[in-house]
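Inspection log for the structure reproduced underneath, given as structure tokens.
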Amino acid sequence: MRLWNGKFLFIAGFVCMLMLTFRHTSRPDNVPSQLHEVYKRLLRAEQRGEVLSQELLKVLGHLQNRSIAQSNLSISNSSAILEERVLRLLLPSQPNALVYLPHLKEHKDSLKPIVHLGRRRKGVSMVFGVPTVHRQKQSYLVNTLQSLLFDLSTAQKKDIVIVVFVAETNPEFVKSVVQSVQDNLPDAVSSGVIEVISPSPHFYPDFNNLKETFGDPKERVKWRTKQNLDYSFLMLYAQSKGAYYVQLEDDIVAKQGFFETMKAYTDNVLTEEWLYLEFSQLGFIGKLFRSSDLPMIVEFILMFHRDKPIDWLLDHFLWVKMCNPEKDAKHCSNEKARLKRTHKPSLFQHVGLHSSLPGKIQNLRDKDFGKQVLFKGHSNPSAALSTTLEQYQTHSLERAYNGEDFFWGLTPKRGDYILITFTRPQAIKEYFFRSGNIETNGDRFYNTTVEVLPVHVSVKEKVSRGEMACCKSSSDGFVQIGSFKNGVAEGEVDAALGISEAMRILVHSDSDVWVLLSEIFIKV
């Protein structure tokens, strides 16, 4: 019982600390906001407690196995009782999958995921689940992942996990998806932002004995039944990783700034009663759940996984919790609305034309998604602008620099540049350039550097002699201070460089694609 006593004392101490803090700092005019903050901290503590519980159980298991191996003795009755109590107290409630999927009893690791990529990150704010399957026509997975990562800051990337669930047991297909994610998003994989998992080869039951319902042919019944199992598997894996779980699909695009918007909206309704928040009105896309609710939801899905598609089951779950059979449909609808909150505009749009169900074409579009934000404007220091890149249509460099549009140029060649000559020399503190946008993510700068032109000759001489670690010499007196990586160039500028007359973006090799500059920010 020491493990449980320790956990109890930890939580009790944490609560007492919060109460003392509240008592000594509260004023009548800010009591509601402090209560809200206390509740948020308690939720975070609960999430950390669940993660800690999982780690303690692992340690317990290792110690137990080691003890058995050393003594070659069976566990005594008292030890078994202790283990059972610890499991009940420390583990969050788990759905009884073996009841609804009895074939899993034949292989003890059937529910254990195979982790192909990732760093098993935990303790984040949000976990995004992206199931993917083999499609006959076209895969949208990489574009979906790039859309999700497009404008996340470094801090935001540290606060999420994107779990790609390859919902297939064909090892060659699984391997091809893993390789594609690794090749196209190596930084996101190595940092732990993206994980790729697949199920045990024994996870799926025999789908040939399913009953045809609602006039659906057998292939569609198989497809929707497997889909329910895919969602359940992914939710079970994700539940201990973060405070919230967001269900997505592998053929969507995200609205720019989606994560910041979701966090703000979630914080606003944190203390209210709801089952899920809806950030897209299409199917099961963009549904956000508290991770602590996932076992209950998975239990319901598994209970009826053969009977109906996932969006119907979610609606029935609301009906069971909220509706009075003796009241009319309008009353039921109002009651169900209390447990789901819809954010508008939608933050995720479905873009896939070819469904994962063979032969099915789906022109689904969320009418509340609206238009994408294709550029981000900033106030930049006054400057004269020039470029060797040929402008496309009205997307000029001047309008991009002034925060009115994005710049779109035809295919860059080696030696092409964008030159920003300041009206007055500036002490540049930071810079940020983003190439590509949420819709045209491939039109980026590749093998391209960012440079400044220091005013003082002595600074240029120091750089040329290698006396300044921040940078190195370029042509025409310019000094290289950074480069584009995954379409973005950003950084702080060493104060030792002093004031600069100009900045330059210089292309070092021919490109195969056009280039789009969607954000320019120079902080002085």
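The values are calculated or read from the model by the stated rules, or taken from the named source; none is laboratory data. Computed from a predicted structure; not experimentally measured. Counting neighbours? That spans all protein chains shown, and the Cβs are built from the backbone with ideal geometry, glycine included. Only protein heavy atoms, including side chains, enter the accessible area calculation; ligands, DNA and RNA are left aside. Shrake-Rupley method; radii C 1.70, N 1.55, O 1.52, S 1.80 Å.
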With label points built 7 Å along Cα→Cβ from the Cα atoms of GLU273 and ALA337, find their separation and express it in nm. 1.7 nm
Over region 383-459, what percent of the accessible surface lies on carbon and sulfur atoms, probe 1.4 Å? 47 percent
Given a Förster distance of 45 Å, the FRET efficiency implied by the Cβ-Cβ spacing of GLU461 and VAL115, rounded to the nearest 0.05, works out to 0.30
Pair ALA496, SER473: separation of 7 Å Cα→Cβ label points (nm): 1.7 nm
Region 231-339: Kirkwood hydrodynamic radius (Cα pairs, Å) comes out at 15.1 Å
Note down the net charge around THR421, summing +1 for each Lys or Arg and -1 for each Asp or Glu among other residues with Cβ under 14 Å from its Cβ. -2
Quick one: if you stick a label point 7 Å off each Cα along the C-beta vector at TRP319 and ASP187, how many nm between them? 4.8 nm
Tell me, what is a quarter of the convex hull surface for the C-alpha atoms of region 361-456, in nm² with one decimal? 9.1 nm²
Under 18 Å from LYS472, Cα to Cα: aspartates and glutamates that are on another chain or at least 8 residues apart: GLU430, GLU451, GLU461, GLU490, GLU492, ASP494, GLU501
Local electrostatic count at ASP328 - Lys and Arg +1, Asp and Glu -1, tallied over other residues with Cβ under 14 Å: +1
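Give me the accessible area per residue for region 439-524, probe 1.4 Å, as a whole number in Å².
Values: 4060 Å² over 86 residues.
Spelled out: the 1.4 Å probe surface of region 439-524, per residue, equals 47 Å².
How about region 460-490: which trypsin sites (Lys or Arg not before Pro) there are in a DSSP loop, with at most 14 other Cβ atoms within 10 Å of their Cβ? Each step should come with its number before you reach the end.
Values: sites: LYS460, LYS462, ARG465, LYS472, LYS485; in loops: ARG465.
Here the trypsin sites (Lys or Arg not before Pro) that fit, given the DSSP loop and packing criteria, are ARG465.
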Compute the length gained on full extension between ASP512 and PHE214: take 0.36 nm times their separation in residues and subtract their Cα-Cα distance, giving the result in nm to one decimal. 102.2 nm
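In the P(r) worked out for region 420-514, what percent of Cα pairs fall beyond 18 Å? Let's see the in-between values first.
Values: 2053 of 4465 pairs.
Taking all Cα-Cα pairs of region 420-514, the fraction more than 18 Å apart is 46 percent.
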Restricting to Cα pairs under 8 Å and 6 or more apart, the percent relative contact order of region 463-524 works out to 15 percent
I need to check one value: relative contact order of region 176-308, counting alpha carbon pairs closer than 8 Å and at least 6 residues apart, in percent. 28 percent
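What GluC sites (Glu not before Pro) does region 165-267 have in DSSP loop regions with at most 13 other beta carbons within 10 Å? Can you show the working numbers first?
Numbers: sites: GLU168, GLU172, GLU195, GLU212, GLU219, GLU249, GLU260; in loops: GLU168, GLU212, GLU249.
Taking region 165-267 and a limit of 13 other Cβ atoms within 10 Å, the loop GluC sites (Glu not before Pro) found are GLU212.
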Considering only DSSP beta bridges with both partners in region 203-348, what is the antiparallel share in %, to the nearest 5? 75 percent
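For region 268-331, state which GluC sites (Glu not before Pro) are in a DSSP loop and have at most 14 other beta carbons lying within 10 Å of their beta carbon. Kindly include the intermediate steps, with their values, before the conclusion.
Values: sites: GLU272, GLU273, GLU278, GLU299, GLU326; in loops: GLU272, GLU273, GLU326.
Taking region 268-331 and a limit of 14 other Cβ atoms within 10 Å, the loop GluC sites (Glu not before Pro) found are GLU272, GLU273, GLU326.
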With 10 Å bins from zero, work out the P(r) of region 147-232 over every alpha carbon pair and list the percent per bin. 14, 35, 28, 17, 6
Among the lysines, which have Cα under 23 Å from the Cα of LYS367 when same-chain residues fewer than 8 positions away are ignored? LYS255, LYS263, LYS287, LYS336, LYS340, LYS344
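Fully extended, how many nm does the chain gain between ASP328 and LYS371 (0.36 nm per residue separation, minus their Cα-Cα distance)? Could you put the intermediate results ahead of the total?
Working: separation 43, 0.36 × 43 = 15.48 nm, distance 3.81 nm.
11.7 nm is the gain from fully extending ASP328 to LYS371.
Could you please tell me the mean projected area of the C-alpha convex hull for region 267-319, averaged over all directions and given in square nanometres to one decimal?
Values: hull surface 16.3 nm².
Its Cα hull, projected and averaged over all orientations, spans 4.1 nm².
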